[in-house]
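What follows is a short report on a single structure.
The values are calculated or read from the model by the stated rules, or taken from the named source; none is laboratory data. Since the model is a prediction, treat every value here as computed from it, not as a measurement. Note that we place each Cβ from the backbone using ideal geometry, even for glycine, and neighbour counts take in every protein chain shown. For accessibility, only protein heavy atoms count, side chains too; no ligands or nucleic acids. Shrake-Rupley method; radii C 1.70, N 1.55, O 1.52, S 1.80 Å.
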Amino acid sequence: MTTPWPPRRTARRPLALRVAAPREPVDPARIGRRVVRRRAKGMDAGAVAAALEDARFDARQDSRHEDLADDVRGWAELAEWERIAQLLIAAAPGTVYDPDTDDVVQAEPAAEAAAAADREAELREAARVAARADELQALRELGTLEQTEPYDGDEAARDELTRRAGGYVQTDVDAWLAHALAAHRGHYRDPAAREAAGLLTPPVLAHAALLAELARLVPGADVDELAFAARLATTEPEAAEALAAFLTRARPTC
């Protein structure tokens, strides 16, 4: 059987992308401490004191070189030799260093596990914020953002959209949040959420405050009629906030 020329290419499915688990960040200081502990294991106070003097000498030498003066691992090793030396000075004569009986060493796994859990929680939260920012962007493109009720944490999604835009303020998103805050829509129905809205920028908060007072004075006012509030809050947030505070004085006393 003859082989066709050119050889026929068979379609291949793209390999599924694997999301690598986040690696634990490299910590030079921790590496330095562990190296010292391995070296110090079985040493008595005299041997550790000699090793400490060597570490101090190395630190003095390194301090003369600009590229080594900020050596995190080197300074961590020196600090660990000093700690172990003090530990043996306070111990009974003839005691040798054993990491397995060192309270500081034994407490580290729990602290490291807590730090790893914190990092994992931060990654999950960052992924949640990014997904919500994607959703809000899609709603903007569909023109339905104004009809969407905000969720808890949308303040962070707003910041993410601003970051993606190179720091440029997203006026439509800010206006959406201000209207929702003024009308107590979405999670802003909860007073605690309205208190947490302090994370928003001053122009957004001033816009919301001004909208709330204007809606009280002119119930049923159309959104387009209140467009000036956004312009005032954006250019003069302090003036907008002062105007909102002034308008509160027009509330009936009875």
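Structure summary
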read-out: Region 26-184 - accessible surface per residue (Å², probe 1.4 Å); value: 60 Å²
read-out: Fluctuation leader among GLN170, GLN61, GLN106 - the chain, Gaussian network, Cα springs under 10 angstrom; value: GLN61
read-out: Computed over the chain: relative contact order in percent, which uses C-alpha pairs under 8 Å that are six or more apart; value: 12 percent
read-out: Cleavage-rule hits, chymotrypsin sites (Phe, Trp or Tyr not before Pro), region 101-186, DSSP coil, Cβ neighbours within 10 Å at most 10; value: TYR168
read-out: Region 186-254 versus region 103-180: alpha-carbon centroid distance in Å; value: 24 Å
read-out: Rounded percent of accessible protein surface that carbon and sulfur make up, the chain, 1.4 Å probe; value: 57 percent
read-out: Loop-resident sites, region 59-111, for trypsin sites (Lys or Arg not before Pro), counting at most 13 other Cβ within 10 Å (DSSP); value: ARG64
read-out: J(HN,Hα) series, region 71-77, from Karplus relation 6.51 cos²θ - 1.76 cosθ + 1.60, nearest Hz, glycine and proline x; value: 6, 4, 5, x, 5, 5, 5
read-out: Answer label, with volume of the Cα convex hull per residue in Å³ calculated from the coordinates and candidates (i) 252; (ii) 133; (iii) 353; value: (iii)
read-out: Whole-Hz ³J(HN,Hα) from phi, Karplus 6.51 cos²θ - 1.76 cosθ + 1.60, for region 120-128, glycine and proline x; value: 5, 5, 5, 5, 5, 5, 4, 5, 5
read-out: Highest-first arrangement of 36-47, 196-207, 89-100, where packing means the average Cβ count within 10 Å; value: 196-207, 36-47, 89-100
